[in-house]
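One structure is given here, and the rest of the page talks about it.
Where a number appears in this text, it was derived from the coordinates with a stated rule and is not lab data. Since we're looking at a predicted model, the values are computed, not measured. A quick note on method: Cβ atoms are made from the backbone with ideal geometry, for glycine too, and the neighbour counts reach across all protein chains shown.
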Amino acid sequence: MNLKDRTELAKNGIMLTPIFTPFPTLETARLLLRRIHVDDIEEIFILRSDPIINKNSLRPLITKKEEALDFIKMIEDMVHQNEGISWVICEKEVPEKVIGHIGIWRLMKEHYRGEIGYLIHTDFQGKGMMTEALKAAIDYGFNQLKLHSIEAQVSPKNQPSQNILERNGFVKEGYLKEDFFAKGEFHDTILYSLLNKIDKNWGRD
């Protein structure tokens, strides 16, 4: 489906109708992006409870493994309901060990648009792995899911995430003042987006 086809569908009020069954496993040169499962609870707990890994995130840290299990269930429910898709990131050589996660988790079906989010363990940052995962997810979003655009919302304090997005073709489109409430106060958000015109010169993280 090309831009003209998507435009015609949108004009006729026909929304995006994603189906995530069978679940799409993605591969890059070094990574495997696979479906999350209950056995990943230990790594998910570490990823979402460690203050160093989450130092640039406004999301509250989880404190119990039950909360990691709730996160896994939330992801699975989202996939079952075709409301979004998320993968855990693993090295190909160690597919059972989760080192991060990435997903197009908020689909605006009537606009053929989705929001991407991601997190990777600090041990694997600065090695280009997040860019590999990001490119794979974007490729799926544009070429399989048939999105017209992908957005990302980032805290102004999260410079590493801004750098990754900009090096991979995302454009800063807006600055939202105090639109997000977390940790007892309001925070600003930077809005990035990428249109379905893939830049072949994406960079490293």
Just tell me which lysines come within less than 18 Å, Cα to Cα, of LYS73; anything on the same chain fewer than 8 places away is out. LYS64, LYS65
Under the classification rounded if a/c is under 1.5, otherwise prolate if a/b is larger than b/c and oblate if not, where does the chain fall, given a ≥ b ≥ c as square roots of the Cα gyration tensor eigenvalues? rounded
For the range 69-205: relative contact order, % (alpha-carbon pairs under 8 angstrom, 6 or more apart): 19 percent
At a 10 Å Cβ-Cβ cut-off, how would you order PHE71, PHE23, fewest neighbours first? PHE23, PHE71
Contact order normalised by length for the range 41-103, with contacts defined as Cα pairs under 8 Å and 6 or more residues apart; what percent is it? 27 percent
Report, ordered by chain and residue number, the lysines lying within cross-link reach of LYS172, taken as a straight Cα distance under 28 Å and ignoring same-chain residues fewer than 8 apart. LYS4, LYS11, LYS55, LYS109, LYS127, LYS135, LYS146, LYS157, LYS183, LYS197, LYS200
Would you work out the relative contact order for the range 3-150, in percent, from Cα pairs under 8 angstrom that are 6 or more residues apart? 26 percent
Which value, in debye to the nearest 20, gives the size of the charge dipole of the chain about its Cα centre, when Lys and Arg are +1 and Asp and Glu are -1 at the Cβ? 580 debye
